[in-house]
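Peer 1: Have a look at the structure that comes next, please.
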Amino acid sequence: MSSTKRPIPVTVLTGFLGSGKTTLLNRILSENSDTKYAVIINEYGLEGIDDKLITAQVDEEVFEMNNGCICCTVRGDLIRILAALMKRRDKFDAILLETTGLADPAPVAQTFFADPDVKTNTELDSILTMVDAAHILGQLKDSPEATDQIAFADTIIINKIDAVLKADIEAAEAAIRAINPFATLLHGTRGQVTDASGQAFSLSSLLTRHAFSLEHVLGVDPEFLANAAEGHHHHHDADVSSISLKSDKPLDGTKFDDWMSTLLATHGQNILRTKGILNIENEPKKFVFQAVHMMSDGEFTSDWQPDEKRASTLVLIGRGLNKAQLKEQFLACAQ
């Protein structure tokens, strides 16, 4: 990598499963701006669909890393992608890096200090963490990653505030402040960001703001730089796994709705995240389905293109998934 030009700013967009990272990313890329971004997406599981959920029209290629968490097995892939990007750095102004919802941001941040070429040619500009207002209190009890994502953030967006009561927002704010009293705290609804008083907060204000503080990070993790030099491996809950379900046959919309409603009602507590792009029988548009635990949402979006293969992909991430049963039930929706 050449070091003759200014470092490229990198924003790490993190947050637990279903917190709204991709929705915010879409909004950032859609906003009328002269800034061009290179986008790197990491997904947990073999089959990734988040790149297809980016509906914004972007000039830059979207790099996807799946079948591993960016803080663990694919960290070397991140270094290689950054090296490749530096060879065409005149094509973009900044990098947006969306992590999997199970990522520990510490080893991700360490990448920008440990590798000499990465350190010379990029600048970790900020760690932006999304928080699901409805589920964060439970996630903080069950998942250390949720705590780490908040602790390392310099900016935190409490998202989906339209789905909860004011008391829930206040409880989320108190829990966040107990972990990280220094981060800028904002509110979000479907990609719209406001400050705590309800005033609109420009998305451009979230980016390229030199918000990352090494001093703050060292306060959270005094061994941050030492671990960066030595390498760090993050261990996930061994019971958490993912499954990707695929069908080339059109799905019966009623059958899918009945199955998914029953599945989430009976097992939703253990299903952390569900997301899919579905081919519904006799429908010209793609059906995008998403759920966090038992809360779900779905809508028909863009048309299937004439040269595009119509197929359904559904990804579930959870604890104790019965993969054989889930596959059988999903395929039954196409019969």
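The values are calculated or read from the model by the stated rules, or taken from the named source; none is laboratory data. Just so we're clear, the structure is a prediction, and the values are computed from it rather than from any experiment. Positions of Cβ are backbone-derived with ideal geometry, glycine not excepted, and every protein chain shown enters the neighbour counts.
Peer 1: Out of (1) modelled with pLDDT of 80 or more; (2) within 30 Å of ALA324 (Cβ to Cβ); (3) not assigned by TED's automatic domain parsing to the domain that holds ASN322, the odd one out for HIS235 is which?
Peer 2: (1)
Peer 1: Here's something else I'd like to know. Would you pick out the residues in segment 158-187 that are buried (at least 24 other Cβ atoms within 10 Å of the Cβ) and part of a helix (DSSP H, G or I)?
Peer 2: Within segment 158-187, ALA172 is the sole residue that qualifies.
Peer 1: Within segment 140-157, count every residue that is surrounded by fewer than 24 Cβ atoms within 10 Å (Cβ to Cβ) and not charged (D, E, K, R).
Peer 2: 6
Peer 1: Would you say LYS255 is at negative phi and not in a strand (DSSP E or B)?
Peer 2: Criteria met by LYS255.
Peer 1: Using beta carbons and a limit of 6 Å, which pairs, at least six apart or on different chains, have the first residue in segment 69-90 and surrounded by 13 or more Cβ atoms within 10 Å (Cβ to Cβ) and the second one modelled with pLDDT of 85 or more and not aliphatic (A, V, I, L, M)?
Peer 2: If the second residue must be modelled with pLDDT of 85 or more and not aliphatic (A, V, I, L, M), the pairs left are ILE70/THR99; MET86/ASN121.
Peer 1: While we're on this one: Under 21 Å from LYS160 (Cβ atoms) and not hydrophobic (A, V, I, L, M, F, W, C): which single residue out of GLU299, GLU308 fits that description?
Peer 2: Going through GLU299, GLU308 in turn, the sole match is GLU299.
Peer 1: Which of the numbered conditions does ASN159 fail, given that it passes all the others? Conditions: (1) on the phi > 0 side of the Ramachandran plot; (2) at pLDDT 90 or above.
Peer 2: Failed condition: (1).
Peer 1: Now, a different point. Restricting attention to segment 188-216, and to residues there that are free of Cβ contacts under 8 Å to residues at least 40 places away in the same chain and part of a loop (DSSP other than H, G, I, E, B), which single residue is farthest from VAL39 (Cα to Cα)?
Peer 2: Result: SER197.
Rundown of residues vs (1) closer than 25 Å to GLY101 by Cβ; (2) among the acidic types (Asp, Glu), yes/no style:
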residue: VAL288; (1), (2): yes, no
residue: MET295; (1), (2): yes, no
residue: TRP304; (1), (2): no, no
residue: GLU308; (1), (2): no, yes
residue: ALA311; (1), (2): yes, no
residue: VAL315; (1), (2): yes, no
residue: ASN322; (1), (2): yes, no
residue: GLU328; (1), (2): no, yes
residue: GLN335; (1), (2): no, no
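Peer 1: Here's another thing I want to ask about it. Can you list residue pairs whose Cβ atoms sit under 8 Å apart, with the first residue in segment 256-285 being farther than 26 Å from GLY138 by Cα and in the same structural domain as THR100 (by TED's automatic domain parsing) and the second being in a loop (DSSP other than H, G, I, E, B) and of a type outside the set (S, T, N, Q)? Count only pairs 6 or more apart in sequence or on different chains.
Peer 2: Listed by first residue and then by second, the contacts come to nothing, as the list is empty.
Peer 1: Return only the number of the condition from (1) surrounded by 15 or more Cβ atoms within 10 Å (Cβ to Cβ); (2) on the phi < 0 side of the Ramachandran plot that GLU215 does not satisfy.
Peer 2: (1)
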